[in-house]
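Each reported figure results from applying straightforward, stated rules to the coordinates on display, with no laboratory input. In this text, all values refer to a predicted model and were calculated from it rather than measured experimentally. Glycine also receives a Cβ, built like all others from the backbone with ideal geometry; neighbour counts cover every protein chain displayed.
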There are 2 protein chains.
Amino acid sequence: MQRIVIVEDDIYLREELIHTFQKAGYDAAGPASFENVEEKVTALCPDLAVLDVNLPGKSGYELCKSLKIKASFPILILTARDTLSDELTALGLGADDFLTKPCHPRRLIARAERLLQTYDKGLRAMLRVGRLSLDTDTYKLVCADRFLILAETEGKIMKLLIERYPDTVSKSDLFSAVWGTEEFVDENILQVNMSRLRKNLSETGMEVVIRNIRGKGYVLEVGGI
Amino acid sequence: MQRIVIVEDDIYLREELIHTFQKAGYDAAGPASFENVEEKVTALCPDLAVLDVNLPGKSGYELCKSLKIKASFPILILTARDTLSDELTALGLGADDFLTKPCHPRRLIARAERLLQTYDKGLRAMLRVGRLSLDTDTYKLVCADRFLILAETEGKIMKLLIERYPDTVSKSDLFSAVWGTEEFVDENILQVNMSRLRKNLSETGMEVVIRNIRGKGYVLEVGGI
DNA sequence: CTACCACTTACAGCTATTGTAAGGTTTATG
DNA sequence: CATAAACCTTACAATAGCTGTAAGTGGTAG
């Protein structure tokens, strides 16, 4: 479930926002007091922060700026209708999106979902099996405290093995996934790349093994699962 | 602050563990009821889970196994002294570390810290400025929904610009960081690579600009901060 | 205007990756 | 235990992408 943090001083509006998001299936929460708000927000590891910048003492602007520097999540700014968005951009806040309040809940949800989707793409590149993860853009394979950057062909093999884990992957599936054809012209090329991949895995000392099932294909075996 | 989740059915032991970790400066918490424990644990995005496998109904083993498959955090297993760790490994739990209870708080903290450190390394490779992040192993640069994989030289330049953000970085600093020498033999090479880097950034449509300060050096400017 | 700093493009050497070739090892089976 | 099929490994050459050099253009301060 995706977590949304609401930063809003008006208690009624805050509860309403939280309720709106909860109804929409999100894990929504918001701090009641504003001491160390920044820490409170980041500690929650939210997927999205909804932030009212018209907080008491103008601190909302500062909070937005400092969150922006470190945040790994998008920020949706709520602002009173009479505060021009030009003013906000002029202040260099540059949030991911703006919305003037009061606003229709459906409009808010729609904007929030757009932001969540956009930011999610960055994470979609990560495949995971147990403590093993693979970045399918760079083919960086991480396992516990070790990592390994695979060449493209080896990376594609690893990708399929992880996607199909814990099932055995047939050779023809590997051929179509890596070379785009089932009629493998040279049967050997897969084995050569398997060999290279296995060598890399063992040289890095990763507890990851690719086991061959005679006549069936290959399976991934991850240590510590 | 790093978050540690405790899964322990004995209420007294649970509170003691939580207290121990809180005293040590961690954000510790643990669910009181065991419905949907798995969801509850993952929803908290912990940096470490401490798990008593002797939960009622043997469900502790199942929980550990299913967490292990998806978890991005290490798991420290607590087990009664009479349950042999061999039995645990035999069950294919393969946790990141074991500890028999009761155990000395300092011992527990030490083990936990070792695990946190180990897993942290994978994240240390990530530099961040606002919504911009750089993996210094692969030089994958991510900004909002776009990404770009930089060549080594361009990546090293980007790395220094991010590390020094928002300061201006002098040419000689760039030379020593990228080529390891301040006496830049050919002044041009830096500009060539700057040119390539800028071209890549703009072609990807990233809101990231490298500005030249005549006679001083270069600064990074990230959109949306 | 001019000297200096900054930018861009083209080119050639180098390195990592890839597929081919050839030969070795393991495993199932009669 | 002999044989064939499946699987594994190493070496080599072609290729593609990265890097620095060269050479020339554009912009700015004094």
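Here are the numbers for the structure shown:
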| item | result |
| --- | --- |
| Extension gain, A:Met1 back to A:Glu163 (0.36 nm per residue minus Cα-Cα distance, nm) | 56.2 nm |
| Segment B:143-222: trypsin sites (Lys or Arg not before Pro) falling in loop per DSSP and having at most 14 other Cβ within 10 Å | B:Arg214, B:Lys216 |
| Added length on full extension, which subtracts the Cα-Cα distance from 0.36 nm per residue, A:Ala43 to A:Lys65 | 6.2 nm |
| Residues A:Glu35 and A:Glu113, FRET efficiency given R0 of 30 Å [Cβ-Cβ distance, rounded to 0.05] | 0.45 |
| Label spacing, shortest first and in nm, from A:Glu163 to its equivalents in the remaining copies (7 angstrom along Cα→Cβ) | 3.7 |
| Nonlocal amide H pairs with B:Val169, under 5 Å, H built at 1.01 Å | B:Tyr218, B:Val219 |
| Nm distances between copies for A:His104, ranked from closest, using label points 7 Å along Cα→Cβ | 6.6 |
| Simple label model, 7 Å out from Cα along Cβ direction - A:Ile189 to B:Arg198, nm | 4.1 nm |
| Spin-label model distance (nm) - B:Ser172 vs B:Asp10, 7 Å beyond Cα toward Cβ | 6.4 nm |
| Label point 7 Å beyond Cα along the C-beta direction, distances from B:Thr204 to other copies (nm, shortest first) | 2.1 |
